[in-house]
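Trainee: Have a look at this one.
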Amino acid sequence: MNFQFTEEQLMIQQAARDYAQRELIKDVLERDEKALYPTEHVKNLAELGFLGMLVSEKWDGGGMDTVSYVLAMEEISKVDASVSVIMSVNNSLVCYGLEKFGNDAQREKYLRPLARGEKIGAFLLSEPEAGSDATKQRTTAVDMGDYYLLNGTKNWITNGNTASTYLVIAHTHPEKGHRGINVFIVERHSEGITVGPHENKMGMRSSDTHSVMFNDVKVPKENRIGEDGFGFKFAMKTLEGGRIGIASQALGIASGALELATKYAKERKAFGTEIINHQAIAFKLADMAVKVENARNLCLKAAWLKDQGQAYGTASAMAKMYAADIAMEVTTEAVQIHGGYGYVKEYHVERLMREAKLTQIYEGTSEVQKIIISRSLME
Amino acid sequence: MKILVCLSNVPDTTTKIKLSGDQSALDMAGVQWVINPWDELALTRALDLKEKSEGKIDTITVITVGESLTEPTIRKALAVGADDAVRINLNPTDDYEVASNIAAWVKNNPYDIILSGIESSDFNGSAVGGMLAEFLKIPSVSSVSFLDMEGDKPLMKREIPGGTETIRVPMPFVAIVQKGIALDPRIPAMRGIMMARKKELTVVEPTGEGAKSTYIGFAMPKAKAKVKMIDAENAGQLITLLHEEAKVI
Ligand SMILES: Cc1cc2nc3c(=O)[nH]c(=O)nc-3n(C[C@H](O)[C@H](O)[C@H](O)COP(=O)(O)OP(=O)(O)OC[C@H]3O[C@@H](n4cnc5c(N)ncnc54)[C@H](O)[C@@H]3O)c2cc1C
């Protein structure tokens with residue numbers, strides 16, 4: 001067993017840390033307050049190669065392993081989870097889905113620009129009435145011979161407005177249940193697509209979340225990914241990897257809060273001493289540190305399994321559930337350690353707490369992760 | 001045209017300094033190593049110049065006198081864009097040893113411009129650049145805060161009390177650079193990190209002179225005296241304390 005990172009992994013971690021601590025920090029509060037999309041940062045991160053870091057070099061990606069991805073996601077998320085979710089969706093849902101399950105023509109046309117970060121992708125699974133139970137898709141794609149006709153509404157779509165490439169899950173044969181589901185590559189500016197207003201969110205306010213409506217949208221036949229009926233499996237397989245991204249995001253939110261709380265506890269004085277010298281605070285920090293370390297180990301284990309080509313579905317569900325749950329606990333304690341200062345925006349921890357909440361919800365709620373984990377025990 | 005940038009491998013600036021048990025050396029266990037900040041700025045400027053030189057600057061080489069533990073730092077320089085690297089395999093003791101060994105390499109591998117940082121953030125000797133120029137018998141300019149090419153002639157500026165000096169010297173020369181030479185150091189891109197693996201890192205054994213100094217011992221600075229805060233309402237207490245505790249009045 002080897003806990004040593006490679007030189008390259010460390011370099012990527014440092015690069016992500018430098019960008020986050022030097023650049024993202026500058027305007028993160030303002031973007032959160034005004035719900036502004038991080039256009040410049042997305043461009044810069046694309047140039048640095050973060051948006052397609054998991055895609056192989058053959059398809060213009062960074063060719064990095066999943067362990068490096070966890071390290072980078074943690075560093076970016078310590079400062080700004082709105083930015084890291086853009087990176088996560090593009091890398092581990094959209095690019096991964098296309099590279100793993102698309103054909104060469106699809107990869108050539110759609111994956112290359114996404115891997116270079118010139119274009120951004122979105123993953124459209126959730127619907128107003130189909131969240132945790134993703135089999136209840138109402139969006140339909142009717143086979144019209146040389147194209148499919150797409151109709152329906154998708155909800156809560158990250159990158160919903162900024163993405164150029166959508167991966168849309170829809171029913172082609174509702175009577176076949178989840179075996180009648182397919183996934184299609186849909187260009188954002190196709191006729192018949194309406195993007196709803198920007199959701200006014202509690203946290204991650206700088207990422208753009210929208211509903212997307214499809215009204216008789218023509219999707220070329222060649223844009224279906226995989227065999228007929230492959231869509232549900234596609235979504236589940238892709239989310240397995242996506243969860244490593246969100247788990248690392250939750251990890252970063254938690255470790256960012258731990259860093260801030262530790263620093264604050266060493267500076268703030270009460271009753272004649274730095275508050276870290278009060279055991280009640282020191283023990284809180286100790287508990288937080290153990291949780292963060294556990295979450296990091298779960299994330300890295302899942303990433304390592306994926307890099308080794310081994311099954312990682314249960315591991316990524318464990319990482320996602322645990323990291324998200326402790327992110328909520330750790331950020332709440334970080335606010336507590338900051339006292340009144342924790343409750344105002346300048347100190348960042350209240351924002352981290354709002355961001356942590358989302359990690360327990362998207363890409364499968366914590367309850368859904370428990371379903372996945374417990375099912376693996378029943379096997 | 002070829003540029004050489006001297007890189008020093010230093011502990012991260014946030015490192016807590018610890019001494020070995022007998023105080024004869026620094027305890028480097030667990031230290032995070034980085035490129036000396038001034039050298040990193042020198043490299044950044046060299047890369048900027050190369051990019052806008054339209055091919056006139058052919059290569060940027062980085063050189064470090066250090067053992068293999070310096071390689072991650074060197075590879076970071078390659079990842080941000082240096083073309084190749086040289087490592088002189090020696091854990092140097094003083095500036096003299098560093099400068100002499102870099103000079104020995106440069107004598108057989110000439111460069112047009114040599115950049116060094118004004119000092120390194122670990123031992124702050126501020127001597128390598130000047131010594132290197134002396135060993136090579138070429139001009140050196142210190143405290144350079146601006147470097148540009150006018151055609152193929154380098155132009156430098158340095159801040160002096162009350163103004164700015166503009167300087168031109170014939171190549172080859174050593175520019176000892178300080179803050180202002182470049183803004184922010186670069187962050188390596190994925191592509192650069194991948195390419196760094198394939199770039200040449202030449203390791204040579206030392207052929208220069210040995211150190212002229214030996215370290216006798218290190219001592220930590222005295223801990224700062226404790227500060228006592230007195231409430232504004234009890235200002236009178238200050239006088240009592242100055243008289244009775246500090247015994248200064
Ligand atoms: C900001 C944001 C961004 C998002 N981005 C995307 C995106 O890019 N693409 C996308 O497709 N989706 C996205 N989502 C949607 C997200 O994945 C869903 O919200 C999530 O899967 C939960 O679905 P739901 O909201 O319909 O909740 P529901 O499924 O209605 O769940 C409600 C509650 O019931 C619980 N529950 C449901 N079923 C069970 C069960 N069997 N056992 C126990 N408890 C259960 C849930 O855990 C939850 O607590 C995003 C959501 C948000 C808020």
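Trainee: How about the stretch A:97-113: which of its residues are under 19 Å from A:Asp307 (Cα atoms) and open to solvent by 50 Å² or more (accessible area, probe 1.4 Å)?
Mentor: Scanning the stretch A:97-113 gives a single hit, A:Lys100.
Trainee: State whether the residues of the stretch B:112-129 include one that is small (Gly, Ala, Ser), more than 25 Å from B:Asp12 (Cβ to Cβ) and in contact with a helix residue (DSSP H, G or I) (Cβ under 9 Å, 6 or more places away or on another chain).
Mentor: No, that holds for no residue.
Trainee: In this structure, does A:Glu274 turn out to be farther than 24 Å from A:Thr359 by Cα, not assigned by TED's automatic domain parsing to the domain that holds A:Ala356 and not polar (S, T, N, Q)?
Mentor: Considered against the rule, which asks whether it is farther than 24 Å from A:Thr359 by Cα, not assigned by TED's automatic domain parsing to the domain that holds A:Ala356 and not polar (S, T, N, Q), A:Glu274 comes out as no.
Trainee: Hey, another quick one. Here are some conditions: (1) out of contact with any Lys or Arg (no Cβ under 9 Å at 6 or more places or on another chain); (2) under 19 Å from A:Lys237 (Cα atoms); (3) of a type in the set (Asp, Glu). A:Glu363 meets all but one. Which one does it not meet?
Mentor: All conditions are met except number (1).
Trainee: Got a number for residues in the stretch A:143-163 being more than 15 Å from the ligand (Cβ to nearest atom) and either part of a loop (DSSP other than H, G, I, E, B) or not aliphatic (A, V, I, L, M) (or both)?
Mentor: 7
Trainee: Turning to a different aspect of this structure: Test each condition in (1) of a type in the set (A, V, I, L, M, F, W, C); (2) open to solvent by 20 Å² or more (accessible area, probe 1.4 Å); (3) within 23 Å of the chain's Cα centre (by Cα) for A:Ala286 and report the one that comes out false.
Mentor: (3)
Trainee: Determine whether B:Thr70 is under 16 Å from the mean Cα position of the chain (by Cα), hydroxyl-bearing (Ser, Thr, Tyr) and part of a loop (DSSP other than H, G, I, E, B).
Mentor: Judged against the criteria, B:Thr70 is not a match.
Trainee: For the stretch A:69-142, please list each of the helices (runs of 4 or more DSSP H) lying entirely inside it that holds at least 3 residues being within 16 Å of the ligand (Cβ to nearest atom), touching a helix residue (DSSP H, G or I) at 6+ places or on another chain (Cβ under 7 Å) and not polar (S, T, N, Q).
Mentor: Filter on the stretch A:69-142 gives A:81-88, A:96-101.
Trainee: Give the residues of the stretch A:38-68 that are within 17 Å of the chain's Cα centre (by Cα), in a helix (DSSP H, G or I) and more than 11 Å from chain B (Cβ to nearest Cβ), sorted by residue number.
Mentor: Across the stretch A:38-68, the qualifying residues are A:His41, A:Val42, A:Thr66, A:Val67.
Trainee: Between A:Ala327, A:Ala334, A:Ala303, A:Ala319, which is crowded, with 20+ Cβ neighbours inside 10 Å and within 16 Å of the ligand (Cβ to nearest atom)?
Mentor: Criteria check complete, one pass: A:Ala327.
Trainee: Mind checking which strands (runs of 3 or more DSSP E) fall wholly inside the stretch B:116-220 and carry at least 1 residues that are in contact (Cβ under 8 Å) with a residue 12 or more places away in the chain and under 16 Å from the mean Cα position of the chain (by Cα)?
Mentor: B:140-150, B:173-177
The values are calculated or read from the model by the stated rules, or taken from the named source; none is laboratory data. Because the structure is a prediction, the values reported are computed rather than measured. Glycine also receives a Cβ, built like all others from the backbone with ideal geometry; neighbour counts cover every protein chain displayed. Just the protein is used for accessible areas: all its heavy atoms, side chains included, with ligands, DNA and RNA removed. Shrake-Rupley method; radii C 1.70, N 1.55, O 1.52, S 1.80 Å.
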